[in-house]
Structure formats: C-alpha cells, structure tokens
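Everything below concerns the one structure shown next.
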Amino acid sequence: MEKLTIAIQKSGRLTDKTLNILSQCGLEFHIKKDVLFASCASYPAELMLVRDDDIPAYIANGTCDLGFVGENVLEEKVLKNNNYDLDIPIIKKMNYGKCRLSIAVPKEQYFESVKDLEGKVIATSYPNILNDFLKAQGVDAKATMINGAVEITPKLNVADAICDIVSTGGTLKANGLKEVAQIYQSECVLVESPKSICDEKRKMIDQLLQRLDGVLSAQNTKYVMMNASKASLDKIKEILPGAEEPSIMPLAQSSDKVAVHIVCKEEVFWKTIEQLKAAGASSILVLPIEKYIQ
Ligand code: ATP
Ligand code: ZN
C-alpha cells in the first residue's frame with residue numbers, strides 16, 4: 001500500500017500548528033526525539049521532519065509528496081532556482097504562520113521612499129526576494145546574505161538597512177530600527193510535489209484536502225442557537241456576521257417564538273450577543289464548530 005510522505009518543519013514556528021491541524025484531520029503521528037521520520041497509525045502517511053529551508057527541494061525532487069512551508073521560504077528558493085524552472089504548486093493556504101518581509105532602517109535615519117536605499121547595503125536572509133523587489137523599484141542597492149540575527153547588522157556597521165521577517169515589529173523596535181517598506185506577505189502553505197503522483201496517492205491527497213477544508217472552514221465559525229420571535233428573524237440575520245440561512249424550528253407551547261440555529265462564519269463577540277438580546281432573542285448559546293463540511 002502507498003504512503004503519503006509529508007514534510008514539515010522539525011522544530012520551529014510552524015511545527016506545532018502544523019501537527020495540530022494534521023491531528024484535527026485525523027492524522028496523529030508518533031514522533032520520537034531526533035528522528036527524521038514519524039509514522040502514523042491512523043492514516044497511510046509518514047512525516048519527514050526537516051529544516052523548513054530544505055522542504056522546497058525535497059518537494060521539487062519528489063522525496064516528499066506534500067510539504068508545509070512558509071511562502072517566504074518557498075518564494076526565495078523558487079526565485080533562486082528560476083533558471084531550472086522550479087515549479088511547486090501551492091494547493092492550500094493554511095491561514096497560520098502569517099508574517100511579512102520588510103525593509104527596516106535605523107530609526108534616526110532619514111527615509112522618505114525606497115529610492116533612499118540607492119547605493120545602500122541591505123542585510124537579509126532573503127536576497128532573492130529582496131533583489132526582485134529592488135529591481136522592480138529600479139533601486140540599485142546591495143543585498144548581503146546573513147543567516148540569522150539580521151537585525152543587529154546596522155549596529156555592527158555591516159549594513160545600512162535590513163530586510164527581514166516581521167510579525168509584530170517588537171524585534172525591530174528593540175534594535176532601534178523602523179520598518180519602512182513591506183515587500184512580501186507570507187503565510188504557511190501546503191505544497192505538492194510536481195513529480196507524478198500515482199492514483200492511489202492522488203486520492204489520499206484529495207481526501208486530505210477535503211479534511212483540511214473542513215477544519216479550516218470551521219476556524220472562527222460558531223454555531224449560534226437562540227429563541228426568538230418570528231418577527232425578529234430579519235433583524236437577527238442582520239446582526240449576525242456572515243450568517244447563513246438559519247434553521248427555524250417551532251417551540252412547543254409557543255406560537256410566536258421559534259428556535260433559531262445559525263452557522264456564523266465570523267467570530268461572535270459580546271457586542272453581537274447583546275444586540276441579539278436587545279432584538280428580542282433569549283437563551284442564546286454560542287458553540288465552537290470543530291469541522292465544517294459544505
Ligand atoms: P529552521 O530551523 O527550520 O530553518 P527557522 O529558524 O528558519 O527554522 P522559524 O523562525 O521557525 O524558522 O520560522 C519558520 C517560518 O515561520 C518562517 O519562515 C515564516 O514563514 C514563519 N513565521 C511566522 N511568523 C514569524 C516571525 N515572527 N518570525 C519568523 N518567522 C515567522
Ligand atoms: Zn529555516
């Protein structure tokens with residue numbers, strides 16, 4: 001029987017979230033310390049635990065069938081290998097691992113537009129994405145490759161500016177830098193090997209994608225139940241964000257009131273619940289949805 005080989009980051013920011021989502025899809029892995037592969041008792045799949053930077057190459061040459069990786073890492077490798085036509089299809093955006101690649105300069109440095117980077121040295125672990133951006137902007141600056149701790153290079157006089165991953169901006173601030181241009185938006189994506197995949201594996205991938213859809217579409221969705229008067233139904237639909245057509249059920253011993261069940265595609269906040277109450281709803285229940293198959 002065929003087995004899907006799935007590459008994930010061994011240890012880093014994407015690891016827990018990826019394992020968690022795979023587990024929600026019914027794929028539980030038995031991970032031992034310091035091993036490259038992990039087996040799965042509940043699905044014909046095995047995990048390959050590697051550095052995120054190696055995932056695009058393993059996917060490109062067919063060592064793995066699927067991989068979870070940051071778009072930033074994927075784009076950097078794809079640009080680097082452009083001459084060899086590295087073509088790795090993204091089959092799902094995962095909605096976690098969100099970050100941006102930004103240019104930052106020392107906070108006291110004058111900066112009005114990217115043209116001010118002309119002639120400057122910019123330290124980065126993403127020289128290909130950076131050069132692509134600079135070229136598109138018509139700016140002649142030098143990208144210097146630095147692996148790790150890019151943010152300290154201006155202080156060390158190694159570079160005039162940096163181009164690095166930012167999520168909150170806290171690290172930049174702590175190093176006396178200001179973010180001046182966002183050049184790339186990224187999130188974790190699921191990629192598939194461009195090498196031919198047999199029918200059996202194709203079926204498994206389709207099944208996994210359907211399960212992922214079920215788990216991802218349930219994120220932030222809520223199942224809201226309440227009692228309300230028939231007259232207030234339009235108002236209730238207006239109040240609930242992203243609500244679908246509600247299910248309406250009669251209540252025993254009441255001709256005017258009904259039970260309303262609605263799947264809400266957005267977070268339901270306290271304010272929304274208070275508005276529902278003001279519109280005449282009572283016995284309001286808000287439940288999380290684990291899986292949502294449309
Ligand atoms: P490895 O040892 O696997 O090479 P790494 O140090 O290169 O790990 P991490 O710092 O764990 O990588 O980040 C992995 C990915 O998580 C990044 O490439 C990026 O896509 C995403 N990410 C999300 N938020 C952040 C952030 N604040 N800083 C860095 N990466 C982030
Ligand atoms: Zn890495």
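The values are calculated or read from the model by the stated rules, or taken from the named source; none is laboratory data. Everything numeric in this text was worked out from a predicted model, so none of it was measured. Don't worry about glycine lacking a Cβ; one is built from the backbone with ideal geometry, like all the others, and counts go over all protein chains shown. To get the accessible areas, we keep the full protein, side chains included, count just its heavy atoms, and leave off ligands, DNA and RNA. Shrake-Rupley method; radii C 1.70, N 1.55, O 1.52, S 1.80 Å.
Is there any pair with a first residue in the range 225-246 that is in the same structural domain as Val258 (by TED's automatic domain parsing) and at positive phi and a second that is among the charged types (D, E, K, R) and surrounded by 14 or more Cβ atoms within 10 Å (Cβ to Cβ) whose Cβ atoms are under 9 Å apart and which are 6 or more apart or on different chains, and what are they?
Once the first residue is in the same structural domain as Val258 (by TED's automatic domain parsing) and at positive phi and sits in the range 225-246, its partners that are among the charged types (D, E, K, R) and surrounded by 14 or more Cβ atoms within 10 Å (Cβ to Cβ) give Gly242/Lys265.
In the range 240-270, how many are within 35 Å of the chain's Cα centre (by Cα) and open to solvent by 70 Å² or more (accessible area, probe 1.4 Å)?
Of the residues in the range 240-270, the ones within 35 Å of the chain's Cα centre (by Cα) are 240-247, 260-270.
Still in the list and also open to solvent by 70 Å² or more (accessible area, probe 1.4 Å): 245, 265-266, 269-270.
Of the residues in that region, 5 qualify.
Take the conditions within 23 Å of Leu79 (Cα to Cα), at pLDDT 95 or above and among the basic types (Lys, Arg) and apply them to Lys107. Does it pass?
So Lys107 fails the test.
Please name all residue pairs, on different chains or six or more residues apart, with Cβ atoms under 6 Å, provided the first residue is in the range 171-199 and is farther than 23 Å from Ile21 by Cβ and the second residue is assigned to a helix (DSSP H, G or I) and open to solvent by 30 Å² or more (accessible area, probe 1.4 Å).
Close Cβ pairs satisfying both conditions: Thr171/Glu151; Asn175/Glu151; Ile183/Phe133.
Residues checked against (1) part of a loop (DSSP other than H, G, I, E, B); (2) surrounded by 20 or more Cβ atoms within 10 Å (Cβ to Cβ); (3) modelled with pLDDT of 95 or more:
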position: Met1; (1), (2), (3): yes, no, no
position: Ile6; (1), (2), (3): no, yes, yes
position: Thr18; (1), (2), (3): no, yes, yes
position: Ile21; (1), (2), (3): no, yes, yes
position: Leu27; (1), (2), (3): yes, yes, yes
position: Lys32; (1), (2), (3): yes, no, no
position: Val69; (1), (2), (3): no, yes, yes
position: Asn72; (1), (2), (3): no, yes, yes
position: Leu79; (1), (2), (3): no, no, no
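Just one of the numbered conditions (1) modelled with pLDDT of 95 or more; (2) not in a loop (DSSP other than H, G, I, E, B) is not true of Thr171; which one?
Here Thr171 clears every test but (1).
Of the residues Lys93, Lys120, Lys33, which single one is touching a residue at least 12 places away in the same chain (Cβ under 8 Å) and either within 16 Å of ligand 2 (Cβ to nearest atom) or out of contact with any helix residue (DSSP H, G or I) (no Cβ under 9 Å at 6 or more places or on another chain) (or both)? It would help to see each step written out before you state the result.
On the way: Lys93 fails: either within 16 Å of ligand 2 (Cβ to nearest atom) or out of contact with any helix residue (DSSP H, G or I) (no Cβ under 9 Å at 6 or more places or on another chain) (or both); Lys33 fails: touching a residue at least 12 places away in the same chain (Cβ under 8 Å).
The match here is Lys120.
Taking the conditions exactly as written (assigned by TED's automatic domain parsing to the domain that holds Thr15, open to solvent by 30 Å² or more (accessible area, probe 1.4 Å) and in a loop (DSSP other than H, G, I, E, B)), does Lys92 satisfy them or not?
Criteria not met by Lys92.
Examine the range 50-66 for a residue that is part of a helix (DSSP H, G or I), closer than 21 Å to Val215 by Cα, in contact (Cβ under 8 Å) with a residue 60 or more places away in the chain and not hydroxyl-bearing (Ser, Thr, Tyr), and state whether such a residue exists.
Here is the first cut: in the range 50-66, the residues part of a helix (DSSP H, G or I) are 52-60.
Subsequent filtering for residues that are closer than 21 Å to Val215 by Cα retains none.
Looking for residues that are part of a helix (DSSP H, G or I), closer than 21 Å to Val215 by Cα, in contact (Cβ under 8 Å) with a residue 60 or more places away in the chain and not hydroxyl-bearing (Ser, Thr, Tyr), one finds none in the range 50-66, hence no.
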